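*Asks:* Have a look at this one.
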Amino acid sequence: LGAGRPAEARAALEAGLSAADLPGPERGRLQEALGRCLRAEGRPWDAEAAFGRALEADPGLRAAMLGRGEVYLDLAAGAAGADAPRGAEVRALAADALRWLRAADAALPGDRRTLAAVARARTLDLDFAGAAETLRSLLAKEGADPGLHHLLAAALRGAGDLEGAAAEEGTCLALDPARADAAALRAGDLAALGEEEAHAERVRRTLADLDAFSAYALPLLEELQALPQSAPWGGWLDA
């Protein structure tokens, strides 16, 4: 698997699992490795099943908890990126991801990979404040990291803080100028901020025009209201 040949690794693992009556912990480790192979091959549900078998064999196997959580995170991200994403499906998959990722974090608190995945899952679950909190805590511990700043930008963007998102993407680019995804998203944030400012300026001008109109028109209306209501036509000219 480490050599980039997951299909070959999977075949060897499947042969080993079928050929021996293994004790629970050993079977769990092999099933966890099988799950990683299947995930690398783009077979998420088969990977999820393998991680499940690993946890049946060894319920405390943290690597299988993390793997299962990451599979659900892959599925949630894929559902969110579909042509017609269904919010309920995305959030349900994100919730499943969080269940297993939090179990993995409880088994080994503070792990960067796990907490970054937790933050992504919280963003997909629309818990933008929680995701931002997790990422800021991780950044305080780990120091500047382009990937973490990019994830924080996504959480802030989801919360509607485009200025903060653009700033975080800028930090990401300062640390890793080759991040084309961060550059594109930052440009979109800045463009949206420009449109918001232009709209705000139009509103300000409209309000100023209304104030000017009121200063001119209200005295006329007061004069009209003061005119006699029952005078003959033209009689009010002599009033």
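The values are calculated or read from the model by the stated rules, or taken from the named source; none is laboratory data. On a predicted model such as this, the values are computed, not experimentally measured, just so you know. Backbone-built Cβ (ideal geometry, glycine too); neighbour counts: all protein chains shown. Just the protein is used for accessible areas: all its heavy atoms, side chains included, with ligands, DNA and RNA removed. Shrake-Rupley method; radii C 1.70, N 1.55, O 1.52, S 1.80 Å.
*Asks:* Would you check the accessible area of Leu175, probe 1.4 Å, heavy atoms only, in square angstrom rounded to 10?
*Replies:* Accessible area of Leu175: about 80 Å².
*Asks:* Which order do Glu56, Glu8, Glu41 take when ranked by solvent-accessible area (1.4 Å probe, heavy atoms of all protein chains), largest first?
*Replies:* Glu56, Glu8, Glu41
*Asks:* Roughly speaking, to the nearest percent, how much of the stretch 23-117's 1.4 Å accessible area is carbon and sulfur?
*Replies:* Whole-percent figure for carbon plus sulfur exposure: 53.
*Asks:* Provide the net charge surrounding Ala154, with neighbours chosen by a C-beta distance below 15 Å and charges set as Lys +1, Arg +1, Asp -1, Glu -1.
*Replies:* Around Ala154, the charge tally is -4.
*Asks:* Can I ask one more? Starting from the Cα of Leu190, step 7 Å along the direction of its Cβ; do the same at Arg86; then give the gap between the two resulting points in nm.
*Replies:* If labels sit at Leu190 and Arg86, their model points lie 4.0 nm apart.
*Asks:* What FRET efficiency comes out for Lys141 versus Ala19 if R0 is 35 angstrom and r is the Cβ-Cβ distance? Round to the nearest 0.05.
*Replies:* The value I calculate is 0.20.
*Asks:* State in Å² the accessible area per residue of the stretch 1-81; use a 1.4 Å probe, count heavy atoms of protein chains only, and round to the nearest integer.
*Replies:* Here the residues of the stretch 1-81 average 47 Å² of exposed surface.
*Asks:* Over the heavy atoms of Arg120, what accessible area does a 1.4 Å probe trace out, to the nearest 10 Å²?
*Replies:* The accessible area comes out at roughly 90 Å².
*Asks:* With every protein chain present, what accessible area does Asp161 have (1.4 Å probe, heavy atoms only), rounded to the nearest 10 Å²?
*Replies:* 70 Å²
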